[in-house]
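Written out below as structure tokens is the structure these notes cover.
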Amino acid sequence: MTETTLRAAPQTEAVEYARRLAARTMRTWALMEREELVTAIVAELVANAVLHAGTALELRLLRSPGRVRVEVRDRAAQMPRLTVPGPLDESHRGLFIVDRFANDWGADPVTGGKVVWAEVSV
């Protein structure tokens, strides 16, 4: 298994740092055909952590045979909820996008917070 990690403060800049790291990692892993999907998932999960948790966060990208797993850990106990946005809604699209792009996703409580994860087949 190969892994890349980013630790960030809960600031909007974290989203761009995470996107860049995801794009660079996917290229390093020679998985350019999945770069856009993974980068979009990373951006949504990190943005959700910044907006809703407001705590330090950790992004992990893990490559294993047949998949890339994105994990975002934060220190908030509140679990995410998937909502289906209306056609004119400008927010509440993050997990909807993750749900559409990922093969599977979920959230697990951990000591001191939670991990929200998504997997993409490669």
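Quick notes
- Selection from the stretch 12-38 of residues that are open to solvent by 40 Å² or more (accessible area, probe 1.4 Å), closer than 19 Å to H52 by Cα and at pLDDT 95 or above: E13, E16, Y17, R19
- Qualifying residue in the stretch 31-46 (condition: under 19 Å from V110 (Cβ atoms) and touching a residue at least 40 places away in the same chain (Cβ under 8 Å)): yes
- With respect to the stated conditions, R69 fails to be over 14 Å from A102 (Cβ atoms) and either open to solvent by less than 60 Å² (accessible area, probe 1.4 Å) or in contact with a Lys or Arg (Cβ under 9 Å, 6 or more places away or on another chain) (or both).
- Tally, over the stretch 94-106, of residues that are outside any helix (DSSP H, G or I) and open to solvent by less than 30 Å² (accessible area, probe 1.4 Å): 2
- Boolean, R75 is surrounded by 15 or more Cβ atoms within 10 Å (Cβ to Cβ) and under 20 Å from M26 (Cα atoms): no
- Contact annotation: residue pairs with Cβ atoms under 6 Å, 6 or more positions apart or on different chains, pairing a residue in the stretch 65-87 that is over 19 Å from T39 (Cα atoms) and small (G, A, S) with a partner that is part of a loop (DSSP other than H, G, I, E, B) and open to solvent by less than 40 Å² (accessible area, probe 1.4 Å), are A76/T55.
- Residue that is nearest to V46 (Cα to Cα) [pool: residues in the stretch 65-122 that are basic (K, R) and at pLDDT 90 or above]: R73
- Residue list for the stretch 1-39, restricted to those being of a type in the set (D, E) and under 12 Å from L61 (Cβ atoms): E3, E35
- The C-beta contact set for the stretch 106-118 (first residue closer than 18 Å to S64 by Cβ, second residue among the hydrophobic types (A, V, I, L, M, F, W, C) and surrounded by fewer than 18 Cβ atoms within 10 Å (Cβ to Cβ), distance under 6 angstrom, 6+ apart or interchain) comprises D108/V115.
The values are calculated or read from the model by the stated rules, or taken from the named source; none is laboratory data. Here the structure is a predicted model, which means the values were calculated and not measured. Backbone-built Cβ (ideal geometry, glycine too); neighbour counts: all protein chains shown. The accessibility values were calculated without ligands, DNA or RNA, using every heavy atom of the protein model including side chains. Shrake-Rupley method; radii C 1.70, N 1.55, O 1.52, S 1.80 Å.
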